[in-house]
Amino acid sequence: MIISAYQTHIFILIFIYIILAVSLNLALGYTGLLNLGHVAFYGIGAYTSALLAIEGMPYLAAMIIAGLFASVFGYLLVTATDRLKGDYLAMATLGFSFVVYSLLLNLREITRGAMGIPGIPKPSILGLTVRTNDQYLIFVLLICAISVFIMYRIVKSPFGKLLEANRDNAVCLRVLGKNTFGLKYKAMMISAFFAGISGSLYAHYITFIDPTSFYISELILILTIVIVGGLASIKGSIVATAVIIYVPEILRTLDLPSSVLGPVRQALYAAILIAILMLRPRGIFGKVDLE
Amino acid sequence: MILSCKDIYKSFGGIKAIDGCSFTVAEKKITGIIGPNGSGKTTMFNVISKLIKPDSGTIEFKGQDVTGLKDYELAKMGVSRTFQDVKLFQNLTIREHLQIAMSDTDEKLLSNIFRGKEGDAQKIKEVMELVGLDKPLDTYGNDLSYGQRKLLDLAIAIAKPHTLLMLDEPVAGVNPRLRDSIKDILRELNSRGESILLIEHDMNFVMDLVDHIFVMDAGKVIAEGAPEEIQNNPCVLEAYLGGSEEGTKCL
Amino acid sequence: MSLLAQSIINGLITGSIYALVAAGYSLIYSTNNFMHFAHGISVVAAGYMVYWLFTLAGTPFYVTCIITVILSALFGLAMYRLIYLPLQRKGASNVILLIASIGILTFFQNVIQIAFGSGVKLIGYIEVAKGITFAGITMTLLQIVILVISFIIFIMLYQFMQRTKLGRNMRAVSNNKELASIVGINHIRVSDFSFLIGSGLAGVAGILVALEQNLSPLMGTNLMIKGFTGAVIGGINYVPGSIVGSFLLGLAENLGILVLPSGYKDAIAFSMLFLFLLFKPNGILGKKEGRFDK
């Protein structure tokens, strides 16, 4: 491999977050679903996949079930919040992620609570085990490419145009004979499915998960990525993921103690988020406003 | 009879917007609903197209009771409508608007993913020519003027498969030249056998266009008939010039 | 029986802290109509201010309290003037303001963590351990102080809202912004004061939290969710409602763990938040029609 072990690690994270960010953009940017609960789907996917794989399920099956399980929650969330709009919808979806977080923390018999789940096996597909990080990078790149390709096809298809139409004017779309509730739940399920997949990739890469990985600081990170890249822009989300995950790594050259490095990075993400909202709310490649 | 509404009632927090309204729309005719501002015309339109649930009353479309249907289900059965306050889809192109209106398969997710763009270029061209919207198909909704949006709204209502076309003040706020061309478009559509129901605030616009008129005031139909009958009806003038008490007596 | 009574007392004490958070939050919400989620960090910042001034620098306690409340109020005003108002002037939607406020919360949470470390901090002012037992119910002196102070503040707040011109203007803006501006009420000035007073209340809450619990940088999110939940239960745009709602939340949490494991305290609160937002977004005492169709 031509890149250092550390860079391999960063690239793996970038590809995982690309899936996560693009899937959030599908719901938030393309469909106009104000979902601040995306991080919960990510967590549900990570836990489902980890627990199933520990029980001995083959990795691919565990990963896909993780995605499907997350998308079931996506369906439930859309059904429950269908009547809400604007910041109330945003708060309800945020509340949903708090509920999931507190369940991960308290269903100790299943999730081991705050102790987290250690020893998550590395993926093994058709007898081949992904052992080294270099191999994992290739694996993650492959899954990322497939996921982004599928989401790209969806948003460019006539179905994707309906999603955008729903964001722009749902009433007008309904009098054209389209079931906008159907569109919303399909979009949310796809979005949650890929969030679940990326959660699975994360869990089996880090091999240890606990509830704090799926809480507000993660939410801030992916919101920052999507808003910096621009709503309704897959290209924007990809570029922004790479930049926002990679650039703070420069902080490592400052030789800060590791207990300070984490908070500095988090504060930086939050500062970028506020700055982009104030200076360029449409992000780098976005053409749509967040309403 | 393509559409019939019977005894529709609707109040908003104690205010009776629709107060026992009944009327019918004949097939292949242009029917107009006129009435002063606040007489409940647009509310009635919203009730018919299911955007608002009536408190009571029944609606039949093509002989079927559609009272309990959802807005998009009725639209699928063949009701097209436009809006007085057109917003459309700001971030979609004209072509995409028309494709959405024409397609009946775009809601299917899986069959859509690996299929290219669809849309009948010929049909799009026809509709654009019919309404006379002279703009490149790649123009975004955001970049259209008010008049152009009015035309695009009309175009998507026409392009959508339908048997009844409902137009909410098609010429409100448009310039006289566009007004005349919209009138021509409607005549042309009618000559092709379309059934049209339109709301208009402006009496002059409808008089030489429609076959039958219903006059609404205070949520009720106060008069109906051919345009020339309506023109000479004292109740209608009352309703327009105020003193609607006289008007309600005429029912 | 005494277990039940003890739970009720505990519920009232927890509730009074939630209510202080909620009262300020809902005062700001009712006049500004957006979710100032960063309110939680005002509380935590105040707690750390007490730790810094009193425990580290040795400032007299009452002086510390006065400085803390003043600085909290100014901190809130600064957030409004430097972040929210410029965003509003650019036409930002409520959702943007909400996201920005979550950003502010996270930002300062991490700044506090960088400055003070992630470990918990103790103030050590009043002898907390010494409890007074009466009819089988144990309360510490501090808890009694918390209850008394919060009740005094709620009464003062109510009097302020009802009796003073500024309070009446605030209620006018919260009832109808357009009408208020027609009759010549400057809503930015009203917003300034709502942030000053609301964040000042957060300062009081922060002092009490600092005395009652251990301080940690990440407690802001949790406190904010609890205060917000209390506000939603009672009626987010109605200050007395959100105070009542917060007491109900405190009671629900403490009665709930009589039947559930104690770790479920947060789960109870989060679930109540979610359910109220879905089914009763105006809360039980809220005034306005729901914001389903904003």
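The values are calculated or read from the model by the stated rules, or taken from the named source; none is laboratory data. Remember, it's a predicted structure, so these values are computed and weren't measured experimentally. When we count neighbours, we look across all protein chains shown, and the Cβ atoms used for this are built from the backbone with ideal geometry, even at glycine. Please note that ligands, DNA and RNA were not included when accessible areas were found on the heavy atoms of the full protein model with its side chains. Shrake-Rupley method; radii C 1.70, N 1.55, O 1.52, S 1.80 Å.
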Which of the chymotrypsin sites (Phe, Trp or Tyr not before Pro) found in the range A:202-291 are loop residues per DSSP with 15 or fewer other Cβ atoms within 10 Å of their Cβ? A:208
Residue with peak Gaussian network fluctuation, chain B [Cα springs, cutoff 10 Å], from B:121, B:157, B:172: B:121
Run lengths n ≥ 4 of DSSP H only: what is the helix-derived mean residue ellipticity at 222 nm for chain B, with -39500 (n - 2.57) per run over all residues, to the nearest 500? -10000 deg cm²/dmol
Karplus (6.51, -1.76, 1.60) ³J(HN,Hα), θ = phi - 60°, over the range A:262-275, in Hz, Gly and Pro reported as x: x, x, 4, 5, 4, 4, 5, 4, 4, 5, 4, 4, 5, 4
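Probe radius 1.4 Å, ligands and nucleic acids left out: can you give me the accessible area buried at the B-A interface, summed over both chains, in Å² to the nearest hundred?
Answer for the B-A pair: about 2700 Å² buried.
Which of rounded, prolate or oblate describes the protein assembly as shown when judged by the alpha-carbon gyration tensor and an a/c cut-off of 1.5?
Numbers: a/c = 2.29, a/b = 1.46, b/c = 1.57.
It is oblate, given that a/c is not under 1.5 and a/b is not larger than b/c.
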Helical mean residue ellipticity (222 nm; -39500 (n - 2.57) per DSSP H run of 4+; nearest 500) of chain C: -24000 deg cm²/dmol
Cα gyration tensor, the range A:34-177 - rounded (a/c under 1.5), prolate or oblate: oblate
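Kindly report the accessible area of chain A per residue (heavy atoms of protein chains, probe 1.4 Å, no ligands, DNA or RNA), in Å². Show your work: numbers first, answer last.
Values: 10320 Å² over 291 residues.
Accessible surface, normalised per residue, equals 35 Å².
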When the dipole is taken about the Cα centre of chain A, and only Lys, Arg (+1) and Asp, Glu (-1) are charged at their Cβ, what size is it in debye, to the nearest 20? 680 debye
Heavy-atom accessible area per residue of chain B, all protein chains kept, 1.4 Å probe, expressed in Å², is 45 Å²
Residue B:55's amide H: which non-local residues (gap 5+, or another chain) put their own amide H closer than 5 Å, with H modeled 1.01 Å from N in plane and none for Pro or chain starts? B:9, B:10, B:11
So which residues in the range A:228-271 end up with at least 20 square angstrom less accessible surface once the other protein chains are there, compared with the chain by itself, probe 1.4 angstrom? A:260, A:263, A:266, A:267, A:270
For Cα pairs less than 8 Å apart in space and 6+ apart in sequence, what is the mean separation divided by the residue count of chain B, i.e. the relative contact order in percent? 28 percent
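Of the DSSP beta bridges with both residues in the protein assembly as shown, give the percent that are antiparallel, rounding to the nearest 5. Write out the running numbers ahead of the final one.
Working: 29 of 46 bridges.
Around 65 percent antiparallel, to the nearest 5.
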Backbone HN-Hα couplings from phi across the range C:223-234 [Karplus 6.51/-1.76/1.60, Hz, Gly and Pro as x]: 4, 5, 5, 5, x, 4, 4, x, 5, 5, 4, x
Run the numbers on the range B:43-81: which residues show a drop of 20 Å² or more in accessible area, chain on its own versus all protein chains together, using a 1.4 Å probe over heavy atoms? B:51, B:71, B:72, B:75, B:81
If C:249, A:251 are ordered by their accessible area, calculated over protein heavy atoms with a 1.4 Å probe, which sequence runs from highest to lowest? A:251, C:249
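Under the rule a/c < 1.5 gives rounded, and otherwise a/b versus b/c splits prolate from oblate, where does the range C:1-78 land using the Cα gyration tensor? Each step should come with its number before you reach the end.
On the way: a/c = 3.04, a/b = 1.18, b/c = 2.57.
Verdict is oblate for the range C:1-78.
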Local net charge near residue A:229, Cβ-Cβ under 14 Å (Lys/Arg +1, Asp/Glu -1): +4
Reachable aspartates and glutamates from residue A:287, Cα under 20 Å, same-chain residues fewer than 8 places away excluded? A:164, A:168, B:96, B:138, B:143
Once amide hydrogens are built 1.01 Å from N within the peptide plane, the residues lying 5 or more places from residue C:140 or on another chain with amide H under 5 Å from its amide H are C:132
The answer for residue B:166, listing residues at least 5 apart or on another chain whose modeled amide H is closer than 5 Å to its amide H, is B:80, B:81, B:82, B:197
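Provide the buried accessible surface between chains A and C in square angstrom, both chains summed, 1.4 Å probe, rounded to the nearest 100.
On the way: alone 13700 and 13890 Å², together 23640 Å².
It comes to approximately 4000 Å² buried between A and C.
Can you pull the percent of chain A's accessible area that's carbon plus sulfur, 1.4 Å probe, other chains left in place? Can you show the working numbers first?
On the way: 7010 of 10320 Å².
That share works out to 68 percent.
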Hey, what number do you get for chain A at 222 nm if only DSSP H runs of n ≥ 4 count, each worth -39500 (n - 2.57), divided across all residues, to the nearest 500? -23500 deg cm²/dmol
Scalar couplings 3J(HN,Hα) for the range A:194-203 by Karplus 6.51 cos²θ - 1.76 cosθ + 1.60 (θ = phi - 60°), nearest whole Hz, x for Gly and Pro, are 6, 4, x, 4, 5, x, 4, 4, 5, 4
Test of understanding: in a Gaussian network model of chain C with alpha carbons linked when under 10 Å, which of C:118, C:199, C:72 would top the mean-square fluctuation ranking? C:118
For the range C:142-294, the charge dipole (Cβ of Lys, Arg +1; Cβ of Asp, Glu -1; about the Cα centre) points to a positive end, and the Cα of C:198, C:245, C:145 closest to that extreme belongs to C:198
Exercise: per-residue mean of other protein chain Cβ atoms within 10 Å, C:83-93: 3
Just need the relative contact order of chain C here, percent rounded to a whole number, with Cα pairs under 8 Å and 6+ apart. 36 percent
On C-alpha positions alone, give me the angle between the axis of helix A:234-246 and the longest principal axis of chain A, in degrees, nearest 10. 30 degrees
Considering only protein heavy atoms, with the full assembly of protein chains and a 1.4 angstrom probe, order B:95, A:174, A:131 by accessible area, largest first. A:131, B:95, A:174
Can you compute the radius of gyration and Dmax for chain A, using only the Cα atoms, both in Å? 18.5, 60
Protein accessible area in the range C:1-120, 1.4 Å probe - carbon and sulfur %: 72 percent
Considering only A:13, A:77, A:182, whose Cα is most displaced toward the positive end of the charge dipole of the range A:5-213, charges sitting on Cβ of Lys, Arg (+1) and Asp, Glu (-1)? A:182
Pick out, from C:111, C:94, C:38, the residue whose Cα sits farthest towards the positive end of the charge dipole of the range C:2-279, with +1 on the Cβ of Lys and Arg and -1 on the Cβ of Asp and Glu. C:94
Heavy-atom accessible area, 1.4 Å probe, ligands and nucleic acids excluded: residues of the range A:177-203 down by at least 50 Å² from chain alone: A:177, A:178, A:179
Over the Cα atoms of chain C, what radius of gyration and what Dmax do you get, in Å? 18.7, 59
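Evaluate the charge dipole of the protein assembly as shown about its Cα centre and quote only its size in Debye, nearest 20, assuming +1 on the Cβ of each Lys and Arg and -1 on the Cβ of each Asp and Glu. Walk me through the intermediate numbers first.
Numbers: 68 positive and 59 negative charges, 329 e Å.
Dipole size: approximately 1580 debye.
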Those chymotrypsin sites (Phe, Trp or Tyr not before Pro) in the range B:67-126 that DSSP places in a loop and that have at most 14 other beta carbons within 10 Å: B:114
Under a 1.4 Å probe, counting only protein heavy atoms, residue B:221 has an accessible area in Å², nearest 10, of 20 Å²
Net charge around residue A:114, counting only other residues with Cβ within less than 11 Å of its Cβ (Lys, Arg = +1; Asp, Glu = -1)? +1
Treating only Lys and Arg (+1) and Asp and Glu (-1) as charged, each at its beta carbon, one finds that the range C:2-279 has a dipole about its Cα centre, in Debye to the nearest 20, of 660 debye
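Would you tally the net charge around residue C:256, using a Cβ to Cβ cut-off of less than 12 Å, leaving residue C:256 out, and scoring K and R as +1, D and E as -1?
On the way: positive: C:265; negative: C:253, C:266.
With Lys, Arg at +1 and Asp, Glu at -1, the neighbours total -1.
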Report the residue, chosen from B:151, B:130, B:197, that carries the largest GNM mean-square fluctuation when chain B is represented by alpha-carbon nodes joined by springs under 10 Å. B:130
Can you list the lysines whose alpha carbon is less than 18 Å from that of residue B:220, not counting same-chain residues fewer than 8 positions off? B:6, B:10, B:16, B:41, B:53, B:249
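State the percentage of accessible surface on chain B attributable to carbon and sulfur atoms; use a 1.4 Å probe and exclude ligands, DNA and RNA.
On the way: 5540 of 11300 Å².
Answer for chain B: carbon and sulfur cover 49 percent of the accessible area.
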Pairs of Lys in chain C closer than 19 Å at Cα, counting only those 8 or more apart or on different chains: 9
Just to be sure I follow the definition: excluding the sites themselves, where is the longest run in chain B that has none of the GluC sites (Glu not before Pro) in a DSSP loop with at most 15 other Cβ atoms within 10 Å? B:119-251
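Report the relative contact order of the range A:5-213, percent, no decimals, based on alpha-carbon pairs under 8 angstrom and at least 6 residues apart. Each step should come with its number before you reach the end.
Details: 311 pairs, mean separation 94.6, N = 209.
For the range A:5-213, the relative contact order is 45 percent.
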